[in-house]
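The values are calculated or read from the model by the stated rules, or taken from the named source; none is laboratory data. Remember, it's a predicted structure, so these values are computed and weren't measured experimentally. Methodologically, a virtual Cβ is constructed for each residue, glycine included, from the backbone with ideal geometry; neighbour enumeration extends over all protein chains shown.
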Amino acid sequence: MNGKIIAGGLVLSGLIAGAAMYYLQVHAFYRPVAPASAEAVIRLTGLSRVPEPMLTEGFQGIDAASSPLRFRGCFTTPQSLAMLSETYQPYGAATPLIAPGWFSCFDAKQIGDDLQAGRALAFLSETNIHPGIDRVVAVYADGRAYAWHQPNDTLEK
């Protein structure tokens, strides 16, 4: 009988620990980014290597102090892809990172597929927004745009 109680206690503590770990990874550290905050200002780096504010509308974003890679943003822009391509630096190695499932406006797999197929273009927002981390923006022809942070080459040095 004691073995069943001990085994049950181990299983229960494992379930509680697993649920806590899931909550901490998916919900606990994220916070919404207010559209009027400084974090919500999306910049693009021009060909002169100077970041300039981008025109954005309807910004939705999340971030977490626990990691510089947790930033995600969804918005629209009235700027055309042609103008953006002629004015701002492209970002060749754009790899959107998965967002929590509850942040439904950001679908990293779809954005990545669209970047590879040429249905969206990636631009450098800001290099080293945190040490070793770039902010990247993907823009579609219809004005939809997405931003995220990803590691750059300086992390490996």
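Observations, loosely collected:
- When M21 is tested against the conditions (1) closer than 25 Å to F103 by Cβ; (2) at pLDDT below 85; (3) exposed (fewer than 10 other Cβ atoms within 10 Å of the Cβ), the lone failure is (3).
- Qualifying residue in region 33-51 (condition: more than 19 Å from R144 (Cα to Cα), among the charged types (D, E, K, R) and either over 18 Å from the mean Cα position of the chain (by Cα) or modelled with pLDDT of 95 or more (or both)): yes
- Residues of region 69-113 that are surrounded by fewer than 19 Cβ atoms within 10 Å (Cβ to Cβ) and of a type in the set (D, E, K, R): R70, E86, D107, K109, D113.
- Identity of the residue in region 98-114, part of a loop (DSSP other than H, G, I, E, B) and of a type in the set (A, V, I, L, M, F, W, C), that ends up farthest from the chain's Cα centre (by Cα): W102
- Selected residue (criterion: farthest from L69 (Cα to Cα)) from residues of region 27-40 that are among the aliphatic types (A, V, I, L, M) and loosely packed, with under 14 Cβ neighbours inside 10 Å: A36
- Selected residue (criterion: surrounded by the fewest Cβ atoms within 10 Å (Cβ to Cβ)) from residues of region 114-127 that are among the polar types (S, T, N, Q) and in contact (Cβ under 8 Å) with a residue 40 or more places away in the chain: T127
- Checked against the criteria, F59 counts as over 23 Å from L47 (Cβ atoms), touching a helix residue (DSSP H, G or I) at 6+ places or on another chain (Cβ under 7 Å) and aromatic (F, W, Y).
So that you can scan it fast, the table gives a plain yes or no per residue for (1) in a strand (DSSP E or B); (2) on the phi > 0 side of the Ramachandran plot; (3) among the polar types (S, T, N, Q):
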{"site": "Y23", "(1), (2), (3)": "no, no, no"}
{"site": "S48", "(1), (2), (3)": "no, no, yes"}
{"site": "F59", "(1), (2), (3)": "yes, no, no"}
{"site": "G73", "(1), (2), (3)": "yes, no, no"}
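- Any hit, region 96-108, residues being of a type in the set (A, V, I, L, M, F, W, C) and under 18 Å from E57 (Cβ atoms): yes
- Test: residue in region 81-97 that is of a type in the set (G, A, S), at pLDDT 95 or above, within 12 Å of the chain's Cα centre (by Cα) and in a strand (DSSP E or B): no
- Counting only residues that are surrounded by 15 or more Cβ atoms within 10 Å (Cβ to Cβ), under 20 Å from Y91 (Cβ atoms) and of a type in the set (A, V, I, L, M, F, W, C), region 41-68 holds 4 of them.
- Residue in region 140-153 that is assigned to a helix (DSSP H, G or I), free of Cβ contacts under 8 Å to residues at least 40 places away in the same chain and more than 14 Å from the chain's Cα centre (by Cα) present: yes
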